[in-house]
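The values are calculated or read from the model by the stated rules, or taken from the named source; none is laboratory data. The structure displayed is predicted, hence computed values, not measured ones. Reconstructed Cβ throughout: ideal geometry from the backbone, glycine too, with neighbour counts over all protein chains shown. The area values use the complete protein model at the heavy-atom level, side chains included, leaving out ligands, DNA and RNA. Shrake-Rupley method; radii C 1.70, N 1.55, O 1.52, S 1.80 Å.
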Amino acid sequence: MALLNIIHYPDPRLYTVAKPVAEVNDNIRRLIRDMAETMYAAPGIGLAATQVDVHQQIIVMDLSEAKNALQVFINPLITKAEGSQDYEEGCLSVPGIYETVTRPEKITVEALDKDGNQFKLNADGLLAVCIQHEMDHLKGKVFVEYLSKLKQSRIKSKMKKRMRETM
Ligand code: K1U
Ligand code: ZN
């Protein structure tokens, strides 16, 4: 297994729109294992392939306390969304920044699992938030884009300053 490099905002590669996975094969399963290892090491509760500069529609997620319940979503599609909820979100591509975002409260998502089998899931609460946050990454959108232009520009400056200091 391998730890992958997580791209940081405002790297333009985060704005790339991911393509659907054509075939769930061993290469995709190896990438999923590497993404999971990277997410657990970060540590985080989700990771989209976009964040590791792979522009295919793949998400890994684990919301369990014990970190033993990996969920994989390949080519995810939200088929139903209702209600509204506020949640203070974080992002491994925007480390140290936590901001409240409003999103649909309950969703139905259809996707393929790591074996290429289709499944349907009803999600609410943090699971629904996390799925939507990761699906935004696959569409080339970072959660800070829900914030005001002023907040976005402050966060961008902070991230660029931090990048300069660590180089
Ligand atoms: O997409 C990402 O960068 C992952 C992100 C997922 C997420 C968290 C919260 C709301 C929406 C989406 C993270 O995992 S941020 C880190 C985090 O939430 C966390 C880290 C350690 C323990 C518990 C949570
Ligand atoms: Zn994120």
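The single condition among (1) without any contact (Cβ under 8 Å) to a residue 60 or more places away in the chain; (2) within 15 Å of ligand 2 (Cβ to nearest atom); (3) of a type outside the set (G, A, S) that C91 does not satisfy is (1).
Checking Y98 against (1) among the aromatic types (F, W, Y); (2) open to solvent by less than 80 Å² (accessible area, probe 1.4 Å); (3) closer than 20 Å to I7 by Cβ, which single condition isn't satisfied? All conditions pass for Y98, except number (2). Checking the range 130-137 against the condition returns no match, with no residue being open to solvent by 40 Å² or more (accessible area, probe 1.4 Å), within 16 Å of ligand 1 (Cβ to nearest atom) and modelled with pLDDT of 95 or more. Only one entry of C91, C130 meets the criterion of being assigned to a helix (DSSP H, G or I), under 16 Å from the mean Cα position of the chain (by Cα), on the phi < 0 side of the Ramachandran plot and of a type outside the set (A, V, I, L, M), and that entry is C130. Restricting the range 1-45 to residues that are surrounded by fewer than 16 Cβ atoms within 10 Å (Cβ to Cβ) and in contact with an Asp or Glu (Cβ under 7 Å, 6 or more places away or on another chain), the residue that is nearest to V129 (Cα to Cα) is R13.
A residue that is closer than 17 Å to G90 by Cα and part of a loop (DSSP other than H, G, I, E, B) cannot be found anywhere in the range 18-30. Considering the range 46-89, and only residues there that are small (G, A, S) and buried (at least 17 other Cβ atoms within 10 Å of the Cβ), the residue that is farthest from ligand 1 (Cβ to nearest atom) turns out to be A49.
So which residues in the range 69-88 are among the hydroxyl-bearing types (S, T, Y) and either within 16 Å of V109 (Cβ to Cβ) or without any contact (Cβ under 8 Å) to a residue 12 or more places away in the chain (or both)?
T79
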